[in-house]
């Protein structure tokens, strides 16, 4: 008879150490995958119905403002889409909203990130598919005031109780098919659904079929639903002052952005915090990643946390009023001409004097066969060196950045007249 296996002393601790090592290894691999790419463009689209009666417009504004501040986005990269009364909502998505998304996506090469948010009603159709809904679309007053979108007008006029809706499958098929690597780069997508039965998003097509074929270079697609497949969300007027899911999500993100440890911010990490604060018997959010090998790392800017009198209860008014800090990057400027040429020495002197005029700091000047300058500067001053490079005077190498998104740079790349004149004088 075989003797029973007796665990060796310390075996339990060894297994624990092995599990800990594997967890750390997985975290490192995930972090490397998340930082493998830098987003050339980040944009936000938040959608709600004009006929909504849940307070979705307020949630949409909260989401848009929060993302704009935390990701450091210009206004043109944050789009609040209201689906008007008395239009076919599916047609409006296909003919108005989707073309806007495609135009932005195709505006630049490289990897892009779309953050899509919906707030409003949700229901389940007979095929167990998620349907996003508005309120009643045709009251007498809306019929009289309708005009701007008559190309979508329902013909003949819809009955008074007509309900606007978009099937989730329509959005999914029109967006996710675009999220593949092509000539212009992959489009990563984060979807946040704040509506009843939002967790049904993975059932209409089933989780197994909703997964995209794994491609380490392809798109990452994540969906966060406010509720599971069987649960309704309480209407805002019934919350009794409690925050909606959208408000809670933005609040947690703000806390993480301002945390002294500056933790990486991903949907699973935000969800973990939300779950720790969930009251027994309340809504359970649902998360799924339909493509990609690691969660998307939100390209947040570094913000200072406002003074808090009570750290257990963040001051949402103060958090909402954070000012955008100045963002910096480090450059290595390599002069194409000899170190002793008048052009080179003049430009070096000019850069040293420019510290008082522009937001930059020269960290070192090195001469060998050519001249190399290491400096740090704000993104707002980056146009200076694009101007010099356009005249063939220098080459530029970015050695460090604290910002993933390139949105803030785009307005400063064009050559400025004063710099162009100065560059010509140094030829």
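Structural remarks
- Looking only at region 242-269, and only at residues there that are without any contact (Cβ under 8 Å) to a residue 40 or more places away in the chain and closer than 22 Å to residue 121 by Cα, the one that is nearest to the chain's Cα centre (by Cα): 248
- Any chance residue 176 is closer than 18 Å to residue 119 by Cα, modelled with pLDDT of 75 or more and surrounded by 16 or more Cβ atoms within 10 Å (Cβ to Cβ): no
- Some residue of region 100-116 being assigned to a loop (DSSP other than H, G, I, E, B), surrounded by 19 or more Cβ atoms within 10 Å (Cβ to Cβ) and either touching a strand residue (DSSP E or B) at 6+ places or on another chain (Cβ under 8 Å) or in the same structural domain as residue 167 (by TED's automatic domain parsing) (or both): yes
- Given (1) in contact with a strand residue (DSSP E or B) (Cβ under 8 Å, 6 or more places away or on another chain); (2) at pLDDT below 70; (3) surrounded by 13 or more Cβ atoms within 10 Å (Cβ to Cβ); (4) closer than 30 Å to residue 43 by Cα, index of the condition residue 389 fails: (2)
The values are calculated or read from the model by the stated rules, or taken from the named source; none is laboratory data. No experiment lies behind these values; they were computed from the predicted model shown. As a convention, Cβ positions derive from the backbone with ideal geometry for all residues, glycine included, and neighbour counts pool all protein chains shown.
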